[in-house]
Structures are given as structure tokens and as C-alpha cells.
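A.B. asks: Got a structure here, written out as C-alpha cells. Questions coming.
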Amino acid sequence: MHTVEAGRRIALKNILFATDFSPCSNAALPYALSVARRYGATLHAAHVMPTKAEMVLMSPESWPTVAEEEDKRIQAYIDQLETQFQGLPHHVLTPRGKVADALAQIVEEREIDLLVLGTHGRSGVGKLFLGSVAEEVFRRTACPVLSVGPNVSSKPDGEIQFQHIVFATDFSEDSLAALPYAVSLAEEDQAQLALLHVVEQPAAGIADLEKVKASLMRRLKGLVPPEAEPWCHAQCLLEFGRQFAPPAERILEIAGDQAADLIVLGVRPVHSKLGLVTHLASTTAHILTRAACPVLTVRGGYAN
């Protein structure tokens, strides 16, 4: 496998939609359907069922009844999914096990190119979370993830086109891993692509600020390959953060100003078992939980 290069169209052959059939998950379904149709991909939908060991934690006499009722409830949702998936090559999967383990196995065995899921955000003291299950899924999943958060304001009715894409970068290798996806998606819909770099407030008295700004702007302009220019409308944005405000706040503001319908971020690989806010940059975690549009995250070093 080779690392995806900017200017090369991405191929999405297998898409995984992870669902627990909640309203949060349902909000992501139109995106999974639309992207699958757009790319001619096979859509895999997965609902992870509890293991028998987890079920027997209930009182033994109630287990058969509860299990039967749960199977009936899930089957009704599966039937509904089958109806929505008509015309698409698809598979509906109901593995048993821990959610993150089961999804990671599906990603590997079915060569998944994109995972689509709905997330919820909740605030803690000084931190933002996606929920423990989602955190583990992000930690374990190697492929790019399209997240539809709780603040996504518009719920698409028909086919989705990403017309205003914001790609935020700090120029690190991990950050730039997402660039080919941003460029390719912009080419697909001939969209407006904003390449954004947010500079944290420079130290007072910094010399040659204009020279630094010019250098950063040249780096931004050099990110889009010439062969992509006829297929998308790229603009470069160099912004300065505000004192005591995280860069994520400025990124979200710019995304709002741009009427962004997709934010694209590259994130560093994860090797620990720590929570999302710890193992993803706090900027990424903040954006995932607050964005008013879907967010595509691509892990550094991901190959396609």
C-alpha cells in the first residue's frame, strides 16, 4: 500500500457506518449513504450486540425474555436499514463483543476506507469528551473517520455535496496526512477549498512579522498541486489566534464564516489507551465536539 498523495483522487470502495440506532447515530446515516453512492462503494452497517457474558449479568430468569425482546427490537431497525440501503451494495452486520474491538476487526477484515459515525459531546471540568465508546473507537480505528457531531445544524435530505471545505493545518507531517482527502473531496464536487493555518498570538516585539506571514502564506499556497487547481477553488487563509483562546475556537469561527459543510483535519497516530482529549490534540477534540458541520479526521501515516 502507498501513502495517498495530494492530487491523486482517493478511492472509497468500502464504507462502514457504525450505529447503535440512536438519534445521534441516525444523524450520520445520510452522509454514509450519500458518500457510498457518490463513490460507488459498498456500504457496511454495523451494530455491535452485547456478549452473552454481558447479558448474564442480568438475573438468570429474565435473560431469555430480555434477549428475545432485544432481538426483535434490533431486527426492526435492521429491516429499516435494509429498506434505506436499496440500490446500494451493502451488508448489515451484528457482531457481538466490545464495540471498539468489533469495529476494528470489521475495518481490517473488510478493508474499510472510511468509517462514518455520529458522536455526542459533553462538557467536563476543563475538558471535552465524545463519550467513552467513541473515544475507544477513535483510538482503535486506523482508517479515516467522518464524524457527525451534536451541533451539526443542517440535516441533509438528499444527496450531499461538500461545497465549502476547510482544511486546517499546522504543517506537521501528521496534519498534512489529511491534505489528499481535502483536495480530492474538493475536486469531486468542484468545491471551495480553504487552506487554513492559525498562528497562536506571536510574542510581543517579534521581528519581521510581515516576513513570517509571507513565508507561511507561501507554504499554504504550495499545498495544492497544480493539477488539482482546475477542479477546485482553493484559497489560503492565514489567521492569528486570540490571547487565552485555543486555536480550535478560531478554526471553528473561520469554518462558520466560510459556511463550511466539512472540516478536514490530520491527527497524530495513537499508541496509548488514554482518553480522546489526551491522545488526540486538544484542538482536534474541541473541534469534533463543537463543529457545526461534519469533521473528517485522517490519522498520520494512514496508507490507502
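A.B. asks: Can you name the residue in region 10-55 that is assigned to a helix (DSSP H, G or I), surrounded by 19 or more Cβ atoms within 10 Å (Cβ to Cβ) and small (Gly, Ala, Ser) and, of all such residues, is modelled with the lowest pLDDT?
C.D. replies: Per the criteria, the residue is 25.
A.B. asks: Just to check your reading of the model, which residue among 96, 110 is of a type in the set (Lys, Arg), at pLDDT 90 or above and either within 23 Å of residue 136 (Cβ to Cβ) or buried (at least 16 other Cβ atoms within 10 Å of the Cβ) (or both)?
C.D. replies: The conditions single out 110.
A.B. asks: Select from region 160-175 the residues that are surrounded by fewer than 18 Cβ atoms within 10 Å (Cβ to Cβ) and of a type outside the set (Phe, Trp, Tyr) and write down the one among them that is farthest from residue 219 (Cα to Cα).
C.D. replies: 161
A.B. asks: Looking at region 62-78, I want the residues that are part of a helix (DSSP H, G or I) and modelled with pLDDT under 80 and have a partner that is exposed (fewer than 13 other Cβ atoms within 10 Å of the Cβ) and not aliphatic (A, V, I, L, M) with Cβ atoms under 9 Å, at least 6 apart or on another chain. Which pairs are those?
C.D. replies: Short answer, once both residue conditions are applied: 63/52; 67/52.
A.B. asks: Taking region 156-191 as the region of interest, how many residues are among the β-branched types (Val, Ile, Thr), at pLDDT 90 or above and more than 22 Å from residue 269 (Cα to Cα)?
C.D. replies: Number satisfying all stated conditions: 1.
A.B. asks: Within region 258-304, restricting attention to residues that are basic (Lys, Arg) and buried (at least 17 other Cβ atoms within 10 Å of the Cβ), which residue is modelled with the highest pLDDT?
C.D. replies: Ranking the candidates gives 290 first.
A.B. asks: I've got another one for you. Can you report the number of residues in region 79-116 which are part of a helix (DSSP H, G or I) and β-branched (Val, Ile, Thr)?
C.D. replies: The qualifying residues number 4.
A.B. asks: List, please: which pairs have Cβ atoms under 7 Å, are six or more places apart or on different chains, and start with a residue in region 183-199 that is more than 21 Å from residue 37 (Cβ to Cβ) and end with one that is assigned to a helix (DSSP H, G or I) and not hydrophobic (A, V, I, L, M, F, W, C)?
C.D. replies: Partner pairs satisfying both residue conditions: 198/247; 198/250.
The values are calculated or read from the model by the stated rules, or taken from the named source; none is laboratory data. Since we're looking at a predicted model, the values are computed, not measured. We place every Cβ from the backbone using ideal geometry, glycine too, and count neighbours over all the protein chains shown.
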